[in-house]
1. Looking at the range 453-472, is at least one residue part of a helix (DSSP H, G or I), open to solvent by less than 60 Å² (accessible area, probe 1.4 Å) and farther than 18 Å from PHE431 by Cα?
2. Give the residues of the range 344-394 that are of a type in the set (A, V, I, L, M) and open to solvent by 20 Å² or more (accessible area, probe 1.4 Å), sorted by residue number.
3. If you check GLY234 against the conditions, is it over 22 Å from TYR114 (Cβ atoms), among the small types (Gly, Ala, Ser) and assigned to a loop (DSSP other than H, G, I, E, B)?
4. Does PRO85 satisfy the criteria of being part of a loop (DSSP other than H, G, I, E, B), at pLDDT 95 or above and either within 22 Å of ARG208 (Cα to Cα) or aromatic (Phe, Trp, Tyr) (or both)?
5. Just give me the residues in the range 327-344 being in contact (Cβ under 8 Å) with a residue 40 or more places away in the chain and either of a type in the set (Ser, Thr, Tyr) or over 15 Å from VAL260 (Cβ atoms) (or both), in sequence order.
6. Can you pull out the residues in the range 54-71 that are part of a loop (DSSP other than H, G, I, E, B) and crowded, with 20+ Cβ neighbours inside 10 Å?
7. Could you please tell me which pairs satisfy a Cβ distance under 6 Å, a separation of 6+ or placement on different chains, a first residue in the range 69-82 that is over 21 Å from HIS112 (Cβ atoms), and a second residue that is assigned to a helix (DSSP H, G or I) and open to solvent by 30 Å² or more (accessible area, probe 1.4 Å)?
8. Which is in a loop (DSSP other than H, G, I, E, B), surrounded by fewer than 19 Cβ atoms within 10 Å (Cβ to Cβ) and at pLDDT below 95, of SER43, SER22?
Amino acid sequence: MAPSGSSFLSVFVFMLVLSPSSIDSLSIKDSFLQCLSKNSESSYPFSTILYTPNNSSFTSVLESSVQNLRFSQPTVPKPEFIITPLYESHIQAVVVCSKQLGIHLRVRSGGHDYEGLSYVSEIEQPFIVVDLAKLRSISVDIEDNSAWVEAGATTGELYYRISEKSNIHGYPAGVCTSLGIGGHITGGAYGTMFRKYGLAADNVIDARIIDAYGRVLDRRAMGEDLFWAIRGGGGGSFGIITSWKVKLVPVPSVVTVFRVARTLEQGATKILYRFLQASDKLDENLFFRVSTQLANASEEGKKTISTSYNGLFLGDAKRLLQVMQESFPELGLTKQDCIETNWINSVLYMGFFPNNSTPEILLQRQNLFKGTFKGKSDFAKKPIHESALEGLWEMMYEEDTPSVAFIPYGGMMSKISESEIPFPHRKGNMFFISYMTTWEDPSENAKHIDWIRKVYKYMTPYVSMYPREAYLNYRDLDLGMNKNTNTSFKEASVWGSKYFKGNFKRLVKVKTKVDAGNFFRHEQSIPPLPISMRKRK
């Protein structure tokens, strides 16, 4: 997978492949297939990797990696067709033809976008989906402490291939192992080692991207501005990532995992408040995700709140217990709570795979978190007091399956500048908050979405403000969205500042430079500057 900045298609970019009259007389599919054949270096039978609603495999391909089932419901717009490229050259041809035929496209690597933007377009029809699931090659170079990984590979597949070569190397990406690596990194991507090594996007060495002109560009060819933008500036704005070169990080041969739950009757509120006070000062080798959910109380028919402390420590249990005694003794962690294992098995534990699972299960690309849901996020710069937490518990009792998670910051996240990459949520944040509600009945969508919006409003005084920050990989269209092709820079600045803070303006400048025509776009893509605001040369 040696990088190259050249492309056979660059000479074809401005060719008019089909005349307007011929497009009118053909279906979108037929026009596209004609265009693909004329813009391909070989006579590849593109019809074999193109699925229309008339194809018996269309629904299974469309739903193959959908995480949020809210966007697989019958009323949700469906693509004209899905194309599953096998090579970069296929994607190049798709970009050229989409541009020439004026057909909007969406790009999916893993299908985990919270709002389904990688495979659904609410603002433009017709549209097509470029599904990168078949681009999943991984090449690990332990001597170089690096790996090239194609965009359609999952985080779990990458973790497994690293572990095949070494038990003392890892990569600090997400806990969910069915995430498509292509889109995951574009949002920043935190995981169990982010307090030690930063985000997945902080550990990228190179990349390959296909731009709006159909060219394949590596880091050298794209330049440092675009390379900066794609590492946390979001997918679907600058081009199609085909592969990343990532930096591997050292992990000890023995790590420790644990899972401890405390209910309200066991003092959960006081313990959580103490945890939030200590969160950003914890040892950088220690990761927590504290999940709060409804649980059955000891009294029959009653509900309570359970706080589950799920953790990974990069070291043995003896050292972990010392660290906990020094920084968070209130949890009461014991040796019996601790499981010593290796890093790849910690991936399975933190990913909630069954206890008897072996690492090979990561190659099955299983999505254990598929469901109908709505999510939101916050960043907090001060602890949330017990009385405020008690108010949150009261709201959780109103919902069927609510979840609020707290993830501590600090460590490496406080050492990296907020402008190093587009992801700006660094020093000053004590912890990150994830809100989620899940349900099954599509007719209840509005009810559950209203609930989470109510919770989000309730939390306003206790989280960051000016702007109220949000995590891009937990995308939330409630923050604002582009209406159509003529995206408004002013309107986009509202949600842009929440995701990117001051980095949004630089992202807009990069977008204007590399895709001024706004070919790559979606409901929350980075807009180019309005023509009136661009500098005259």
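The values are calculated or read from the model by the stated rules, or taken from the named source; none is laboratory data. Note that the structure is a prediction, hence the values are computed from the model and not measured. Here the Cβ positions follow ideal geometry from the backbone for every residue, glycine too, while neighbour counts run over all protein chains shown. To get the accessible areas, we keep the full protein, side chains included, count just its heavy atoms, and leave off ligands, DNA and RNA. Shrake-Rupley method; radii C 1.70, N 1.55, O 1.52, S 1.80 Å.
1. no
2. First pass over the range 344-394, keeping only residues of a type in the set (A, V, I, L, M): 344, 347-348, 350, 361-363, 368, 380, 384, 388-389, 392.
Hits for the range 344-394 are ILE361, LEU363, LEU368.
3. Details: over 22 Å from TYR114 (Cβ atoms): no; among the small types (Gly, Ala, Ser): yes; assigned to a loop (DSSP other than H, G, I, E, B): yes.
For GLY234, the condition - over 22 Å from TYR114 (Cβ atoms), among the small types (Gly, Ala, Ser) and assigned to a loop (DSSP other than H, G, I, E, B) - is not met.
4. Values: part of a loop (DSSP other than H, G, I, E, B): yes; at pLDDT 95 or above: yes; either within 22 Å of ARG208 (Cα to Cα) or aromatic (Phe, Trp, Tyr) (or both): yes.
Judged against the criteria, PRO85 is a match.
5. Residues satisfying the conditions are SER327, GLU340, THR341, ASN342, TRP343, ILE344.
6. First pass over the range 54-71, keeping only residues part of a loop (DSSP other than H, G, I, E, B): 54-57, 64-67.
Hits for the range 54-71 are SER65, VAL66, GLN67.
7. Listed by first residue and then by second, the contacts come to GLU80/ILE28; PHE81/LYS29.
8. Numbers: SER22 fails: in a loop (DSSP other than H, G, I, E, B).
That would be SER43, the only listed residue that is in a loop (DSSP other than H, G, I, E, B), surrounded by fewer than 19 Cβ atoms within 10 Å (Cβ to Cβ) and at pLDDT below 95.
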